[in-house]
Each structure stands twice: as structure tokens, then as C-alpha cells.
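Please treat every number below as a calculation from the coordinates, not as lab data. Just so it is clear, the model here is predicted, and its values are computed rather than measured. In this analysis, Cβ positions are derived from the backbone assuming ideal geometry, glycine residues included, and neighbour counts consider all displayed protein chains.
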Amino acid sequence: MFKKIFEVKKKIEQLSFGSKEELQDYLNDNVLGWKNIFSIHVAGQRLQLKRDDNAIGKKLDRMGTTILITNKKISPHDGLSLYRRKNRVEKFFDSMKNEMDRKRLRTHNIKASEGRLFVDFLALILHSHIAKVARQENIVKELSVQKIMYELKKIKLVRLGEKKTIITEISKKQRELFDKFKIKPLS
């Protein structure tokens, strides 16, 4: 598609047209759907084509073919929806494995595996929320989500006996993160 766009633009620059209508007639005859991609502008004595990048992006989004095969009888809309949800789950597991340093389950029974997956799922929810807030508060320009997690990992809860607990000292950087996430640290 881009090759065709560049070819059309180059061809128009090489040819000369007396009026805007003459250029429109040429495009109508030779370039199907040009009105969705180009607009005509007058620059001094010359006519120029200007690309509409938003329209080109929308057209690119609709290009291509996806073939989904299933052994169940479902509507195309439902099939595509299921496929997209499956893709999201795969992305979550990829995030869990790569961004959260989660390796193999290493369990020997199904209950332990399910329990670890549940805890991992909760951690993934927190990780996703931290990433969302970091984007909204523009924290990601200063710190990546991994660095935020690393900084927050340093906070420890120490138990002294059965009833007394102490939180390790919270650094200035951690306090700033708490402020940006609108969390009041425990004292």
C-alpha cells in the first residue's frame, strides 16, 4: 500500500495539471479510493497531494486476512472475540513470566499449582494496575515498572514475637512513589 501511495505521489509531481479539477479527474480515472487517502493542496503555482495519515492508518488496520478454524459452531463475531481474549491471556502469562520473573511452577500436585497460579494472577493484577497508574502519572518517563517494583520490594515487614510487627524504613524515593500512587504508607 505504501509503495502505491509513494508511486502515485511521485507520478503527480512529475505531471503538470492546469487546474484542481483536471487533477481530480486524473485521480478518479487512475487511483481508486484516492479521496480517502489524499487531499489536493495548492502551493504557489503547483498542485500537490497531501497524505491523510489517519485515514491511511485506518485502512491499514482493516488490511489482511485472519483465518480461524474451530470445531464448534459459533458466529464469526464470537469466534473473533474468543481469539482476542485468548491472545490477552497469552500476553498476561508472557508478562507474568518475563516481567515478574516468574519461572516454572515446580509443584507436584494440582492444588499447589492452582494456588500458585491464583497468587500469580493476583500479582499480575497488581502489576497491571501499577503499570496503568505509572503511565497516567507519567512515572514511566523516570522509572520503568520493573524499577518501581524493585524499589517497592525493598520494604519489609518484620515480626518481633507474635504481636509486634515493624515496617522497615521507607526511603525518600519510596515516599515519592507512594505520593504518586496516592497511597498513605503505614508508620
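Things to note:
- Taking 0.692 mPa s as the viscosity and 37 °C as the temperature, the Stokes-Einstein diffusion coefficient of segment 1-67 based on its alpha-carbon Kirkwood radius rounds to 255 µm²/s.
- Excluding exposed DSSP-loop GluC sites (Glu not before Pro) (at most 16 other C-beta within 10 Å), longest clean stretch of the chain: 1-98
- In segment 118-168, the trypsin sites (Lys or Arg not before Pro) that fall in loop regions by DSSP, at most 10 other Cβ within 10 Å: Lys156, Lys163
- Annotation for Lys184 and His108: the two label points, set 7 Å from Cα along the Cα-Cβ direction, are 4.8 nm apart.
- Between the beta carbons of Lys141 and Leu32, assuming R0 = 41 Å, the FRET efficiency works out to 0.40 to the nearest 0.05.
- In the chain, a dipole from Cβ-located charges (positive for Lys and Arg, negative for Asp and Glu) runs towards its positive end, and of Val145, Tyr26, Pro76 it is Val145 whose Cα lies farthest in that direction.
- Sparsely packed trypsin sites (Lys or Arg not before Pro) within segment 1-97, loop by DSSP, other Cβ within 10 Å at most 10: Arg62, Lys72, Lys73
- Local net charge near Asp179, Cβ-Cβ under 12 Å (Lys/Arg +1, Asp/Glu -1): +4
- Mean projected area (nm²) of the alpha-carbon convex hull when segment 42-92 is viewed from all directions: 6.1 nm²
- Near Lys154: Cβ cut-off under 10 Å, other residues only, Lys/Arg at +1 and Asp/Glu at -1. The net charge is +1.
- Longest exposed-site-free window of the chain, the sites being chymotrypsin sites (Phe, Trp or Tyr not before Pro) in a DSSP loop that have at most 16 other C-beta atoms within 10 Å: 18-180
- Electrostatic bookkeeping for Thr165 treats Lys and Arg as +1 and Asp and Glu as -1; over the other residues with beta carbon under 15 Å from its beta carbon, the sum is +2.
- Computed lengthening from Glu151 to Phe92, 0.36 nm per intervening residue step minus Cα-Cα distance: 19.0 nm
- In summary, the helical segments of the chain meeting the span-like criteria, namely a full DSSP H run, a Cα extent along the axis of 27 angstrom or more and a mean Kyte-Doolittle hydropathy of at least 0.5, are 110-136.
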